[in-house]
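Accompanying notes for the structure given below.
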Amino acid sequence: MKKSGVLLVAAAFVSATFLQMNTVKKDNSTTEDTEVAVKIPKKVQAVIDKSCYGCHSADGKSDKAKDKLRWDKMQEYSKEDLVSIFDEIIEVAEEQEMPPKKFLEKKPEVKPTEKEYAALIKWAEKEADKLLK
């Protein structure tokens, strides 16, 4: 009984420490000074969830996609990396290169509409501009 109590306290401490280190403030900025706050509006998040997150997240099956971009780690990228990422997002969205054609053959419903691509581009341009100031 004593041992399980110690383990429970240790688990609670680790959890609390992890949450404190990774807390996001209401303005979407993180508690780490070295990190850059990335704000994603709901309509852009909906596009990301529908069309991007499946491959570009920890759960994605493609290591290549995860190496290029991890939406779930946006708050951890450096300012310089984010500018490059936003430039790449703009280019890929303008050319409608993502999701890949091969993937769309299996799941055509994930293809963004023209409006969704435009929202993604506008958002990425705005975020990149803020970082370059």
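Here is the P(r) of region 35-133: all C-alpha pair distances, binned every 10 Å from 0, give 16, 53, 29, 3, 0 in whole percents. Excluding same-chain neighbours fewer than eight residues apart, the aspartates and glutamates reachable from Lys133 by a Cα-Cα span under 13 Å are Glu80, Glu125. Comparing Ser78, Met98, Ala118 along the charge dipole axis of region 55-133, the residue lying farthest to the positive side is Met98, per the Cβ-charge model.
Bear in mind that the values in this text are calculations on the coordinates, not laboratory data. Given the structure is predicted, the values throughout are model-derived calculations rather than measurements. A quick note on method: Cβ atoms are made from the backbone with ideal geometry, for glycine too, and the neighbour counts reach across all protein chains shown.
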